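Let me begin by presenting the structure, written as structure tokens, before commenting on it.
Each reported figure results from applying straightforward, stated rules to the coordinates on display, with no laboratory input. Everything numeric in this text was worked out from a predicted model, so none of it was measured. Neighbour counts run over all protein chains shown; Cβ positions are idealised from the backbone, glycine included.
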Amino acid sequence: MELAAITKEKLDRIEVKLLLEAIHEAYGFDFRAYAYASIKRRIQRRMEAEGLTDIAALQDKVLRNPETLERLLLDLSVNWTAMFRDPGFFLTFRKKVVPTLRTYPFVRIWLAGCSTGEEVYSMAILLKEEGLYDKARVYATDFNEPSLRKAKDRIIPIDRMKTYSENYLRAGGKGSLSDYYNAKYDRARFDSSLMKNVTFAQHNLATDSSFNEFNVILCRNVTIYFNEDLHNRVHELLYASLVRLGTLGLGDKESIKFSPHEDCYEAIDEGHKLYRKIK
Amino acid sequence: MVKLPESVGEKFRFDDRKIEIVVIGASLGGPQAIKAILSGLPSSFPLPIVVVQHRGISSNTALMYFLTRSCALPIAEPEDKEPIVYGKLYLAPADYHLLIEDRSFALSIDEPLHYNRPSIDVLFDSAADAYGQRALGVLLTGSNCDGAAGLANIKRHGGVTVAQDPATAEAPEMPTAAIAAKAVDETLKLPEIAELLKSLSSAGTPKSRSRKKALK
């Protein structure tokens, strides 16, 4: 009996799947529902960096060598972020969402997938400038412990501050970004007062459940790394965690259109990915 | 009416090859070259066409506007998880990588490749994975090497690969790099590429009178 050779794409897919299964089985980290195309690229970059030529060899090295695993984990979990990223989002938030928030006695905000904290500092500054900080409680979560530690440190390399200052101004900043940090050598550290009403916690959008109801949820540029099933699961979670008439904010290239509960939201500003839960 | 070179006719004239997606990469000189190959397509063109045109990091509507006026197909910059629709022209947005994930799009903000984001390699690699031998890759004018590896990948997966004749390209480096990497099935001038695209029928196979097998 002659067996047909499998296509290259099928072979690649099997190798990636096996690697992710191995990582999960051996170490408990679950990347199995991440979007295939982008995770495959990251895996191949790590494979090349380790001097290997196929994914099966990387799997072998990862299983036998915890340092290799750590390097791979770093590649797979860290996602680039910036302060006031897509400044138009924050400007629109100020114009169209803040007025509603003013009418509430308390405002609970969930920053889901806060990574290394840039979005947290941005939101804290915005709340301060809009006079909402004292009645706000911000919950910033991420599944990645090192990222959370960095976020709590409030430290940003000083060479990024020029871009961040520009973003801050375009986002409707009322003063100067430097009002909020102290610079020393090559680092800037944001004031601890910004963190007074902020709670950081580890939370895995893939596996954990809802833990509160929020007036505002931001989940920006997180689900772009997830496959369709996981993306849908996360949206179920976000929907369940949002109060009626609450605000959901997504990333610049994401949309409520390709998620479940699409019809339960109306657009506050489709262009800037701000939505209101209406049912 | 441009007649395709005989060799191209041979390559595309066989029964079990269906092209289901066209992916195009361009850099310096791209917009005019893209216009040249797409302007003759009818609005009823049955396949999705996905374009990476190297562009600056700030989003601007000029490129979209130019392509809207140059091509009869509806055009969009896709969002993450957006399904790929037949007969639509998709343009990679500024400062994001555009990937294909099964039959939808995925956006990524991973670092630039060869200083480019969107990168042609990123799109072509994912097209090779998602569509295998049903992908047609077209690499046009450009002055860097983005796209050569991706085009080679499409070829390795059994897809069909075309490069613009470097002698006719505003910037020859990109198609030249692809040719040097042995990534190219056919090197064609822009009118010939236009003709090739036009010849893709509703079944995704070019209209053919004979039933000759493909020469690989």
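Among the lysines of the stretch A:67-213, pairs that are 8 or more positions apart or on different chains and have alpha carbons within less than 12 Å of each other number 4.
Close amide H pairs (under 5 Å, H built 1.01 Å from N) link A:R187 with A:I158, residues at least 5 positions away or on another chain. The packing ranking of peptides B:34-44, A:124-134, highest mean first, is A:124-134, B:34-44, where packing means the average number of other beta carbon atoms within 10 angstrom of each residue. Summed over qualifying helices (DSSP H, 4 residues or more, each -39500 (n - 2.57)) and divided by its residue number, the protein assembly as shown shows a 222 nm mean residue ellipticity of -10500 deg cm²/dmol.
Close amide H pairs (under 5 Å, H built 1.01 Å from N) link B:A169 with no residue at least 5 positions away or on another chain. Footprinting exposure proxy ranking of B:Y86, A:Y185, A:Y139, fewest other C-beta atoms within 10 angstrom first, gives A:Y185, B:Y86, A:Y139. Bridgeable aspartates and glutamates around A:K253 (alpha carbons under 12 Å apart, same-chain partners fewer than 8 residues away excluded): A:D86, A:E270, B:E77, B:E79, B:D80, B:E82, B:D95. Rounded to whole numbers, the Karplus 3J(HN,Hα) couplings from phi for the stretch B:103-112 are 10, 10, 9, 10, 9, 9, 10, 5, 5, x Hz, using 6.51 cos²θ - 1.76 cosθ + 1.60 with θ = phi - 60°, and x at Gly and Pro. Annotation: aspartates and glutamates with alpha-carbon distance below 15 angstrom to B:K35 (same-chain offsets under eight excluded): B:E170, B:E192, B:E195.
Across the stretch A:16-41, the residues whose backbone nitrogen lies under 18 Å from the label position 7 Å along the beta-carbon direction of A:A56 are A:16-23.
Mean per-residue shielding of peptide B:98-111 is 6, counting Cβ atoms of other chains within 10 Å of each Cβ. Shown in residue order for the stretch B:183-196 are the 3J(HN,Hα) couplings computed by the Karplus curve 6.51 cos²θ - 1.76 cosθ + 1.60 at θ = phi - 60°: 9, 10, 6, 9, 9, 10, 7, 3, x, 6, 5, 4, 5, 4 Hz (x for Gly and Pro). Here the Karplus curve 6.51 cos²θ - 1.76 cosθ + 1.60, taken at θ = phi - 60°, turns the phi angles of the stretch A:154-160 into couplings of 6, 9, 10, x, 5, 5, 8 Hz, with x standing for Gly and Pro. According to the square roots a ≥ b ≥ c of the eigenvalues of the Cα gyration tensor, what is the shape class of the stretch B:65-138, taking rounded for a/c under 1.5, prolate for a/b larger than b/c otherwise, and oblate for the remainder? Taking the square roots of the gyration eigenvalues as a ≥ b ≥ c, the stretch B:65-138 is oblate. Here's the list of lysines a cross-link from A:K8 could span, going by alpha-carbon distance under 24 Å and ignoring same-chain residues fewer than 8 apart: A:K17, A:K40, A:K61, B:K11, B:K18, B:K155, B:K182, B:K213, B:K216.
For the stretch A:58-215, a/c is not less than 1.5, where a ≥ b ≥ c are the root eigenvalues of the C-alpha gyration tensor, and a/b does not top b/c. That puts it in the oblate class. Helix A:55-64 and the longest principal axis of the C-alpha atoms of chain A enclose an angle of approximately 80°. Counting neighbouring beta carbons within 10 Å and listing from fewest to most, the residues A:L237, A:L3, B:L196 come out as A:L3, A:L237, B:L196.
Averaged over the residues of B:81-87, the number of partner chain Cβ atoms lying within 10 Å of the residue Cβ comes to 3. The angle between the Cα long axis of helix A:66-77 and the main principal axis of chain A comes to about 50°, on a 0 to 90 degree scale. Approximating the spin labels as points 7 Å out from Cα along Cα→Cβ, the A:E266-to-A:R32 distance works out to 4.2 nm.
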